[in-house]
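Written out below as structure tokens is the structure these notes cover.
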Amino acid sequence: MPSPIHAAWLPEDATTALATAVHVSGTGPLVATVSDEARAATRLHGGHLEPDPTAARLLLLTLDLARALAGEPAVARALEALDDDGPSCPERYAIARDGDRTAVVGEDDHGLLHGTFALLRHRGEEDVVVRRPAHRSRMLDHWDNMVSHPVMGTVERGYAGDSLFFADGDVRADLGRVAGYARLLASIGVNRVAVNNVNVHRAETELLGPRLADVARIADVLRRWGIRLHLSVSFASPIVLGGLSTADPLAEEVARWWTEAAGRVYAAVPDFGGFVVKADSEGQPGPFAYGRDHADGANVLARALAPHGGVVHWRAFVYDHRQDWRDRSTDRARAASDHFAPLDGRFEPDVVLQVKHGPIDFQVREPVSPVLAAVPATTVAVELQLTQEYTGQQRHVCYLGPAWSEVLTFGLAERGTRPVHELVAGGVVGVANVGTDEFWTGHPLAQANLFAFGALAWDPTADPDAVLREWAAATFGPDDEDVVDTVCAMMTDSWATYESYTAPLGVGFMVRPGHHYGPDVDGYEYTPWGTYHFADRDGIGVDRTRATGTGFTGQYPSPWRERYEDLASCPDELLLFFHHVPWTHRLHSGRTVVQHVYDTHLAGVERVEELVRQWAGLEGRVEADLFARVQERLAEQRRSAQEWCDQLCTYVWRHSGVPDEHGRPIHP
Ligand code: BDP
């Protein structure tokens with residue numbers, strides 16, 4: 001018998017807060033969803049839906065209806081809290097208690113849905129809470145293929161089974177799993193989902209044409225949970241799908257084709273979110289082929305969508321993956337700013353420039369991408385990666401909340417005072433990490449990354465440790481505090497642990513080419529991909545300074561350009577991202593680069609051994625299937641961490657000839 005699907009952070013007992021006399025009323029389609037949630041909970045646990053608001057213990061209301069019930073003290077408190085909170089804002093909600101009565105008041109039906117789930121999560125410690133999303137758009141991008149790719153499978157960089165949406169070249173007939181997924185997403189506030197891969201193959205171009213009715217079926221499921229569907233589209237669609245001879249964005253017939261295509265999509269999916277485009281990148285077609293730039297390219301799509309309220313997420317991940325590794329003047333880190341900074345001000349208002357959080361590619365440690373501050377007249381979104389392509393592929397525990405929090409709160413602009421989350425009017429986008437796996441995410445503990453994505457996209461100033469605890473309590477507790485404590489203790493520093501035994505000091509990559517799992521220090525070193533560390537017998541690191549290197553530091557506003565330029569002020573964790581230094585260069589920590597590698601790698605392996613022991617202590621206290629799955633993953637993490645450690649230490653020893661200060665036997 002197949003295992004049941006894990007309920008993640010929404011187990012049945014989480015819904016008991018709804019199991020009382022519940023009155024639901026409001027305006028908007030999501031009110032029906034909230035009613036259904038309440039009905040299911042009351043059916044399971046006792047309680048009932050109560051038509052008379054004065055007889056209800058729990059009132060779930062949209063603001064317009066709440067005003068009429070202001071005589072109820074709990075409702076009055078919620079309304080007061082909303083008024084005190086400042087200007088109205090879609091999706092906002094308040095939860096207030098008065099005696100044994102609770103009111104959830106949503107600014108609109110979306111707010112009511114979020115408030116209802118918040119009630120389930122918070123289990124009512126505070127008397128009054130008001131929450132508004134920091135960003136209107138909180139989106140997940142799936143890299144799902146319709147037809148299984150010979151190397152990538154149905155989910156590119158997917159480590160959690162197959163696609164939830166597609167199978168055998170089609171949209172799945174049964175979208176039951178999608179409904180369960182949408183409910184999970186709604187519970188963490190995600191409100192947009194792009195269903196297909198940014199690398200668009202022939203099959204997926206049809207989503208925009210002959211397959212629209214199937215797309216509409218997915219959209220119907222997502223809509224029930226307040227989620228708008230987006231599609232990744234190929235820039236060459238006018239040719240591939242439309243049979244035109246060109247996709248030149250300035251050609252009239254191309255503009256007409258996109259306008260008609262958008263019209264067809266909106267006829268099938270009236271609340272369609274928009275297009276996601278990866279153009280002129282890693283083999284995808286784009287405007288460069290016609291001598292046009294990316295503003296020309298993005299604008300033609302935006303003009304087609306704008307009348308319907310859609311947006312184009314245009315990705316800034318544009319670089320030459322066929323560069324000559326001997327030419328040290330090229331630098332992949334520079335590419336996005338070089339391409340997009342000069343275009344600032346030229347984009348249509350409905351273009352969202354989607355920028356990966358770092359200048360390279362989701363490495364365990366990168367500086368924040370300077371593009372986020374380089375296009376002030378453009379709407380930007382920051383792109384994070386949940387799927388852990390370079391951070392252990394959901395085989396290693398790696399809670400990314402702290403990494404994302406660092407990015408979102410990093411003071412990139414206005415002399416370090418303006419954090420990234422204030423620069424991204426286009427919101428936060430994440431590359432999704434779920435699939436058909438019974439635990440959704442392959443590694444059960446990787447569910448925390450999905451949860452944290454929602455939490456931080458909603459409130460980027462949230463404390464990632466508090467988010468972790470909330471997730472762990474919802475998933476494993478709240479009754480068994482010990483389990484929650486242990487899980488948190490294992491995960492809180494798991495990103496730092498992963499960093500400690502993999503590529504050091506911000507240098508990045510060093511992974512096996514192609515699948516990107518496990519160590520291969522020189523795997524990419526002599527390839528065109530532009531991801532080098534330049535190690536030789538004298539030293540290691542990429543000189544990206546203005547003085548002697550690629551000049552990348554000059555793309556940052558002050559104070560970062562100066563801080564990164566100067567060895568004396570460059571933070572240790574980014575040293576090798578910005579500087580080429582001798583092996584014996586001394587870090588601010590007091591250690592040499594060589595010694596840093598030895599120490600951190602050995603400590604990293606020890607920490608993973610401790611993780612194995614910590615988890616073993618939970619046997620019998622968490623579900624057996626889940627226990628076994630995590631245990632199996634930890635064994636692999638242990639093996640892999642040792643492999644990383646052996647390779648890195650040996651490599652550094654052989655290149656530098658400098659032994660470990662403590663004489664440990666680390667270099668065969
Ligand atoms: C890289 C992945 C590749 C993606 C690409 C992207 O290796 O599979 O297509 O990013 O973001 O990290 O487009």
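The values are calculated or read from the model by the stated rules, or taken from the named source; none is laboratory data. The structure presented is a predicted model; accordingly, all values stated were derived computationally and were not measured. Glycine also receives a Cβ, built like all others from the backbone with ideal geometry; neighbour counts cover every protein chain displayed. Surface accessibility is based on the protein's heavy atoms, side chains included, excluding ligands, DNA and RNA. Shrake-Rupley method; radii C 1.70, N 1.55, O 1.52, S 1.80 Å.
Hey, if you put +1 on the Cβ of every Lys and Arg and -1 on every Asp and Glu Cβ in the chain, which of Val277, Thr545, Thr259 ends up farthest toward the positive end of that dipole?
Of the options given, the answer is Thr259.
Counting each pair of different Cα atoms once, what's the Kirkwood radius of the chain in Å, rounded to one decimal? Provide the component values of the computation, followed by the final result.
Values: mean 1/r = 0.0383 Å⁻¹.
After inverting the mean inverse Cα-Cα distance, the result is 26.1 Å.
Want the number for Asp64 to Ser569: 0.36 nm per residue separation, take away the alpha-carbon distance, what's left? Write down the numbers at each step before the final one.
Numbers: separation 505, 0.36 × 505 = 181.80 nm, distance 5.49 nm.
In short, 176.3 nm is gained.
Can you classify the range 285-398 as rounded, prolate or oblate using the Cα gyration tensor, where a ≥ b ≥ c are the square roots of its eigenvalues, rounded means a/c under 1.5, and otherwise it's prolate if a/b beats b/c and oblate if not?
oblate
Any chance you could get the radius of gyration and Dmax over the Cα atoms of the range 537-577, in Å?
9.9, 34
As I understand it, the dipole of the chain uses +1 on the Cβ of Lys and Arg and -1 on the Cβ of Asp and Glu, about the Cα centre. Which of Pro51, Gly153, Gly176 lies farthest toward its positive end?
Going by the charge dipole, the pick is Gly153.
Could you tally the net charge around Leu185, taking each other residue with its Cβ under 11 Å from the Cβ of Leu185, Lys/Arg +1 and Asp/Glu -1? It would help to have the intermediate numbers written out before the result.
Working: positive: Arg138, Arg183, Arg192; negative: none.
Residues near Leu185 contribute +3 overall.
Report, to the nearest whole %, how much of the accessible area of the range 81-177 belongs to carbon and sulfur atoms, 1.4 Å probe, protein only. Don't skip to the answer; put the middle values down first.
Numbers: 1710 of 3710 Å².
The computed percentage sits at 46.
Where in the range 545-580 is the amide nitrogen less than 16 Å from a point lying 7 Å along the Cα-to-Cβ axis of Ser329?
545-552
Considering the options Tyr399, Phe235, Pro559, tell which one lies farthest towards the positive end of the dipole of the chain, charges being +1 on Lys and Arg and -1 on Asp and Glu at the Cβ, about the Cα centre.
With unit charges placed on the Cβ atoms, the residue in question is Phe235.
Can you grab the distance from the C-alpha centre of the range 289-320 to the C-alpha centre of the range 416-441, Å, no decimals?
First find each Cα centre; the distance between them is then 21 Å.
I'd like to check one number: the per residue accessible area of the range 96-161, probe 1.4 Å, reported in Å² as a whole number.
On the way: 2350 Å² over 66 residues.
For the range 96-161, the solvent-accessible area averages 36 Å² per residue.
Quick one: net charge of Thr27's neighbours, Cβ under 14 Å, K/R +1, D/E -1? Before the final figure, lay out each step's value.
On the way: positive: Arg67; negative: Asp64, Glu107, Asp108, Asp109.
Residues close to Thr27 contribute a combined charge of -3.
Less than 13 Å Cβ to Cβ from Arg332, Lys/Arg counted +1 and Asp/Glu -1: what total charge do the surrounding residues give? Please list the in-between numbers first.
Numbers: positive: Arg322, Arg328, Arg334, Lys356, Arg544; negative: Glu282, Asp320, Asp324, Asp327, Asp331, Asp338, Asp361, Glu366.
After counting each charged neighbour, the total is -3.
Dipole magnitude of the range 510-595 about its Cα centre, charges +1 at Lys/Arg Cβ and -1 at Asp/Glu Cβ only, in debye to the nearest 20?
On the way: 8 positive and 11 negative charges, 29 e Å.
Dipole of the range 510-595, to the nearest 20 debye: 140 debye.
Given a 1.4 Å probe, how much area per residue of the range 254-400 is accessible, in Å²? Numbers along the way, then the final one.
Values: 4560 Å² over 147 residues.
I get 31 Å² per residue for this part.
Taking the Cα centre of the chain as origin and charging only Cβ (+1 Lys, Arg; -1 Asp, Glu), how large is the dipole, in debye to the nearest 20? Write down the numbers at each step before the final one.
Working: 60 positive and 93 negative charges, 181 e Å.
Here the size comes out at about 860 debye.
Hey, what's the Kirkwood Rh for the range 15-122 if you take every pair of different alpha carbons, in angstrom? All intermediate terms of the calculation are to be shown ahead of the outcome.
Working: mean 1/r = 0.0760 Å⁻¹.
Here the Kirkwood hydrodynamic radius works out to 13.2 Å.
So how exposed is Tyr390, as accessible area in Å² (1.4 Å probe, rounded to 10)?
10 Å²
Evaluate the range 107-160: find the radius of gyration of its Cα atoms, find its Kirkwood radius, and give the ratio Rg to Rh.
Working: Rg = 18.2 Å, Rh = 14.7 Å.
With Rg and the Kirkwood Rh in hand, the quotient comes to 1.24.
To one decimal place, what Kirkwood hydrodynamic radius in Å is obtained for the range 151-281 from all pairs of distinct Cα atoms? Before the final figure, lay out each step's value.
Details: mean 1/r = 0.0646 Å⁻¹.
It is 15.5 Å.
Just report the Cα centroid separation between the range 194-228 and the range 353-391, whole Å.
Measuring centre to centre over Cα atoms gives 25 Å.
Note the full-extension length gain between Ser589 and Gln642 as 0.36 nm times their separation in residues minus their Cα-Cα distance, in nm to one decimal. Intermediate values should be presented prior to the final figure.
Details: separation 53, 0.36 × 53 = 19.08 nm, distance 2.41 nm.
Result for the pair: 16.7 nm of gain on full extension.
How big is the C-alpha Rg of the range 1-58 next to the rule-of-thumb value 2.2 N^0.38 Å, as a ratio?
Values: Rg = 13.3 Å, N = 58, 2.2 N^0.38 = 10.3 Å.
Relative to the 2.2 N^0.38 Å estimate, the range 1-58 comes out at 1.29.
Counting only protein heavy atoms, what percent of the accessible surface of the range 536-636 is carbon or sulfur at a 1.4 Å probe?
On the way: 2130 of 4330 Å².
Roughly 49 percent, rounded to a whole number.
Enter the accessible area per residue of the range 477-636 (Å², integer; probe 1.4 Å; all protein chains in place).
Numbers: 6140 Å² over 160 residues.
I get 38 Å² per residue for this part.
Equivalent ellipsoid semi-axes for the range 476-540, as square roots of 5 times the alpha carbon gyration tensor eigenvalues: give them largest first, rounded to whole Å.
37, 13, 7
Please compute the Cα-Cα pair-distance distribution of the range 519-606 with 10 Å bins starting at 0, giving whole percents from short to long.
The calculated distribution, bin by bin, is 16, 44, 33, 7.
Size of the dipole of the range 68-159 about the Cα centre, Lys and Arg at +1 and Asp and Glu at -1 on the beta carbon, nothing else charged, in debye to 20?
On the way: 11 positive and 17 negative charges, 66 e Å.
Value, rounded to 20: 320 debye.
Looking at the chain only, what percent of DSSP beta bridges run antiparallel? Nearest 5 please. Don't skip to the end; give the middle numbers.
Values: 20 of 61 bridges.
Around 35 percent antiparallel, to the nearest 5.
List the longest stretch of the chain that has no exposed loop site; here a site is one of the GluC sites (Glu not before Pro) assigned by DSSP to anything other than H, G, I, E or B, with at most 11 other Cβ within 10 Å.
Values: sites that count: Glu125, Glu126, Glu619.
That would be 127-618.
Project the alpha carbons of the range 578-668 onto their principal axes and report the range along each, largest first, in whole Å.
Principal extents (largest minus smallest coordinate, Cα): 50, 28, 26 Å.
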